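Visitor: What follows is a single structure, and I will ask about it in a moment.
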Amino acid sequence: MLADPEVVPSMTAAMTEARAAAKAPVDGVGDWYDGVKFREAVAAGLFDTDSCVALGISMDGFEVWRQRGCQGWPIVATVLSVHPGERVNNVAQIIPVVTPGPRQPVDVESFLHPIAKELDEMAKGIDGIKVAGRDGTSTLHAYVLQFTTDMPNGDKLLNAKGHNGQCPGRFREFFGVRVKKRH
């Protein structure tokens, strides 16, 4: 994406704006750069240039043919460091893997380990990256700021067994309104 002359201006401008917003006082939550993790990363000096990349990783399952029970579980990397309207474009969505099989994968982690290894290398920095419109090369740093799944994927990754349906959050309490027998 950093080599594409049409994408670079928007991408570097979005990261410049995000870095500036992270240094300003918190005024509500408008986007990913208002989050605590990004603010901590900026304060630690991780996002030190406008060519750094923020990523969101997500997993979700789907059925290809309902009658045959064929399922796939894509792992999608979303480049967050572009403007919100461009985040949903194909160029900002990267699919590193779709798990094969007639059913859900037995070992999801075996698909995540190679991706995590590459993400570790990107966090350390990759030298020699050509950024469109700039002379010379740059060092690319990319960091994962969020990891999201649906409940079956999250349960599989956490090795969770069962759920009572009363408390939908694993890490924090959610408060709802009870209407008859539902929250």
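Visitor: On C-alpha positions alone, give me the angle between the axis of helix 8-23 and the longest principal axis of the chain, in degrees, nearest 10.
Guide: That helix lies at roughly 80 degrees to the long axis.
Visitor: Let me make sure I get this right: for the range 83-139, a, b and c are the square roots of the gyration tensor eigenvalues over alpha carbons, sorted descending. Under 1.5 in a/c it's rounded, otherwise prolate if a/b > b/c, else oblate. Which is it?
Guide: Oblate shape, in that a/c is at least 1.5 and b/c is the bigger or equal ratio.
Visitor: Okay, next question. Counting trypsin sites (Lys or Arg not before Pro) as exposed when in a DSSP loop with at most 16 other beta carbons within 10 Å, what is the longest stretch of the chain free of them?
Guide: In short, 1-65.
Visitor: Same structure, new question: Add +1 for every Lys or Arg and -1 for every Asp or Glu among the other residues with Cβ under 15 Å from the Cβ of LEU80, and state the total.
Guide: Residues close to LEU80 contribute a combined charge of -1.
Visitor: How compact and how long is the range 1-108, expressed as Rg and Dmax of its alpha-carbon atoms in Å?
Guide: 17.3, 53
Visitor: For a paramagnetic label modelled at 7 Å from the Cα of ALA116 toward its Cβ, which residues of the range 70-84 fall within the zone defined by backbone nitrogen distances under 16 Å?
Guide: Zone members listed by number: 75-76.
Visitor: Which parts of the range 17-57 would a label at ARG134 reach, counting a residue when its backbone N lies under 11 Å from a point 7 Å out along Cα-to-Cβ?
Guide: Only 48-53 fall inside the zone, counting backbone N under 11 Å.
Visitor: Once you list every other residue whose beta carbon is under 13 Å from the beta carbon of ALA18, what net charge do they have if Lys and Arg are +1 and Asp and Glu are -1?
Guide: Within the 13 Å Cβ shell, the charges total 0.
Visitor: Could you work out how far the C-alpha centroid of the range 28-66 sits from that of the range 97-158, in angstrom?
Guide: Here the answer is 12 Å between Cα centres.
Visitor: Full extension from ASP127 to GLU17: what is 0.36 nm times the residue separation minus their Cα-Cα distance, to one decimal in nm?
Guide: 37.2 nm
Visitor: Ok, one more. How far, in degrees from 0 to 90, does helix 109-124 lean away from the longest principal axis of the Cα atoms of the chain, to the nearest 10?
Guide: Long axis of 109-124 versus the principal axis of the chain: about 20 degrees.
Visitor: Which stretch or stretches of the range 91-120 have amide N atoms under 17 Å from the point lying 7 Å from LYS37's Cα along the Cα→Cβ direction?
Guide: Label zone hits: 94, 112-113, 115-120.
Visitor: For Rg and Dmax of the Cα atoms in Å, the listed values are (1) 19.2, 65; (2) 16.4, 54; (3) 15.1, 50; which was obtained by calculation from the structure presented?
Guide: Checked against the structure: label (1).
Visitor: Lys/Arg Cβ at +1, Asp/Glu Cβ at -1, dipole of the range 1-93 taken about the Cα centre: which of PHE38, ILE75, VAL91 is farthest positive-ward?
Guide: ILE75
Visitor: Please list, ordered by chain and number, the residues whose modelled amide H lies under 5 Å from the amide H of CYS70; skip anything fewer than 5 residues away on the same chain.
Guide: Under 5 Å from the amide H of CYS70 lie the amide H atoms of VAL64, TRP65, each far enough along the sequence or on another chain.
All of the numbers you see were taken from the coordinates with simple rules; none came from a lab. Please read these numbers as outputs of a predicted model, since none were measured by experiment. Counting neighbours? That spans all protein chains shown, and the Cβs are built from the backbone with ideal geometry, glycine included.
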